[in-house]
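Beneath this line is the structure, given in structure tokens, with notes to follow.
Taken together, the values in this text are just the output of simple stated rules run on the coordinates, not laboratory data. The structure presented is a predicted model; accordingly, all values stated were derived computationally and were not measured. Quick reminder, even Gly has a Cβ in these numbers, built from the backbone with ideal geometry, and neighbours come from all protein chains shown.
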Amino acid sequence: MATKRPSNRPYHIVIFGASGFTGQFVVEEVSRVADGEEYRGQELRWAVAGRSKKKLEEVLSWAAERQGKPQLKSIDILVCDINDAPSLADMCKKATVVLDCVGPYRFYGEPVVKACVENGAHFVDISGESQFLESMALKYDKQAADNGVYIVGSSGFDSIPADLGVIFTRNSIQGTLTAVESFLSLKSGSEGICIHDGTWQSAIHGIADKENLKSLRRKLALKPLPVIGKKLKRRGAVFYSNEIQQYAIPFLGSDVSVVKRSQRYLYENLQETPVQYAAYAAVGGITSVIKLMFAGLLFLLFTKFSFGRKLLIKYPKFFSFGIFSEEGPTQKQMDESSFSFTFFGEGYSQGLDPQQGKPNVKICTQVSGPEAAYIATPIAMVQAGVTLLKEPESLPKTGGVYSPGAAFSKTKLIDRLNKAGIRFTVLSKIE
């Protein structure tokens, strides 16, 4: 059962991989939360972990200077390594929640999940890698349930906005929501958008290994979810969206698979109506479409061969037209960037049978926030960790490997995110 654990472990939160590019921003966010309203009059005990004590000390000094908090230099440091199982076990024995920032997760994630499950620490990651997420469910769900451990993947930009956005949309109408389409829009300033190449590497390996993902899903042998209401039609590879007044393409990340996992859990365990979901990304005008198609074909061609993948990994800036780089974004790029997910949902008003007639309810909602990868992602990840700490009674009754929507649908995580700067709003509704 999801009972409140005694807080006799040395740390509420341990950030594993705190010296990595994303990890350093998670350090800043944990520091903000520790000094914020949620912990006023309380102490959030936290530590950083990784294989290099020197680099962890540098990150704490960097965060201390940026936030004007010299006390951050004295935050505890745990030295541990992916390849040293006893050190990972020691870290997990000291933590209530481990925030894992070390990717690509397909290479580095499983040892941390295993250590958390075996040593009683909850686990949160920010993976957008479907194969990793689903293989962890296959391998560790039962053991995590037996040990009362919650393993929650995809708790960053992939896929908190999409997954909880669908749940927010469903909760915002009186009747039955049956289908949702989302459109992602990214905005940038004068210097454009830039993402650290760790995400680029994850995408390369994911595309190259898609056959293994199909094999994994056959092993999971899940029954198809029932289609309730009017069947949602899938759009083309490139199309003009009247809803957002620009061209769009299917969103290639893990959002659809994560939302589907959540909807499956809510249907099979809580008897809630499953929502059909399709995800798209706005790409702008016809010039952007042509550039994107050229880059996409080049990317797909190169991922088919080992030599091509090596070139893509070695020269991320060149092959991604500057979007991905080893240096990551500048502070100005982050400050001037933002995201929005716009959700267009349809369903049936209260008392109507969703299996009869056409949908008569329409709703448009939005999840929006600051720069996606290094501001919004740390916010989402840390708030997911805080929810595990603060709301054990609202989590699923047993531990296990969960998607965010499955783990947090009955919690106040959406309220926490609203307060932290990721906003959930209803734009229009016809009921």
request  = Using θ = phi - 60° and the Karplus relation 6.51 cos²θ - 1.76 cosθ + 1.60, list the HN-Hα couplings for segment 66-75 in order, rounded to whole Hz, with x at every Gly or Pro.
outcome  = 5, 9, x, 10, x, 5, 5, 5, 9, 4
task = Could you work out the relative contact order of the chain, using alpha carbon pairs under 8 angstrom and six or more residues apart, expressed as a whole percent?
result = 22
ask   = Which ³J(HN,Hα) values in Hz, rounded to whole numbers, follow from the phi angles of segment 104-118 under the Karplus curve 6.51 cos²θ - 1.76 cosθ + 1.60, where θ = phi - 60° and Gly and Pro get x?
value = x, 5, 4, 9, 10, x, 4, x, 6, 4, 4, 5, 5, 4, 6
Ordering of 100-110, 22-32 by burial proxy (mean other Cβ atoms within 10 Å per residue, highest first) = 22-32, 100-110
task = Please find the FRET efficiency linking E38 to N360, where r is the Cβ-Cβ separation and R0 is fixed at 25 Å, and quote it to the nearest 0.05.
result = 0.05
query = What 222 nm value per residue comes from the helices of the chain, counting each DSSP H run with n ≥ 4 as -39,500 (n - 2.57) and dividing by all residues, nearest 500 deg cm²/dmol?
reply = -13000 deg cm²/dmol
task = Compute the whole-percent fraction of alpha carbon pairs in segment 356-420 spaced more than 15 Å apart.
result = 60
task = Filter the cross-link list K94/K219; K219/K291; K73/K397; K214/K358; K317/K419; K260/K429 down to pairs whose alpha-carbon distance in this structure exceeds 30 Å.
result = K94/K219; K219/K291; K73/K397; K214/K358; K317/K419
ask   = With Cβ to Cβ distances under 10 Å as the rule, what net charge do the other residues near T377 carry (K, R +1; D, E -1)?
value = -3
Stokes-Einstein D in µm²/s, Kirkwood radius over Cα pairs - segment 166-277 at 25 °C with 0.890 mPa s viscosity = 145
remark   = For segment 372-386, in residue order, the Karplus 3J(HN,Hα) values (coefficients 6.51, -1.76, 1.60; θ = phi - 60°; whole Hz; Gly and Pro = x) are 6, 7, 10, 10, 5, 4, x, 4, 5, 4, 5, 5, 5, x, 5
task = Evaluate the distance, in nm, between pseudo-label points positioned 7 Å from the Cα of T425 and of E65 along their respective Cα→Cβ axes.
result = 3.7
query = With charges set only on the Cβ (+1 for Lys and Arg, -1 for Asp and Glu), what does the dipole of the chain come to about its Cα centre, in debye to the nearest 20?
reply = 960
request  = Assign one of three labels to segment 129-192, namely rounded, prolate or oblate, based on the Cα gyration tensor with a ≥ b ≥ c the square roots of its eigenvalues; rounded applies when a/c is under 1.5, prolate when it is not and a/b is larger than b/c, and oblate otherwise.
outcome  = oblate
message = Can you tell me the convex hull volume per residue for the chain, based on C-alpha atoms, in Å³ to the nearest whole number?
response = 145
inquiry  = Run the reach check for K310 against lysines, Cα to Cα strictly under 19 Å, same-chain hits fewer than 8 apart removed. What comes back?
reply    = K210
inquiry  = If you take every residue apart from K114 with its C-beta less than 12 Å away from the C-beta of K114, what net charge results, scoring Lys and Arg +1 and Asp and Glu -1?
reply    = -2
ask   = At what distance in angstrom do the alpha carbon centres of segment 341-370 and segment 164-201 lie from each other?
value = 16
Proximal aspartates and glutamates relative to K55, as straight alpha-carbon distance under 17 Å, when same-chain residues fewer than 8 apart are discounted = E28, E65, D76, D81, D100, E327
remark   = If every Lys and Arg gets +1 and every Asp and Glu gets -1 at its Cβ, then about the Cα centre segment 121-258 yields a dipole, in debye to the nearest 20, of 820
request  = Could you please tell me the mean projected area of the C-alpha convex hull for segment 255-314, averaged over all directions and given in square nanometres to one decimal?
outcome  = 6.5
query = Could you state the number of Å between the C-alpha centres of segment 306-335 and segment 33-77?
reply = 29
inquiry  = Viscosity 1.306 mPa s, temperature 10 °C: give me the Stokes-Einstein translational D for segment 62-160 in µm²/s, with Rh taken as the Kirkwood radius over C-alpha pairs.
reply    = 111
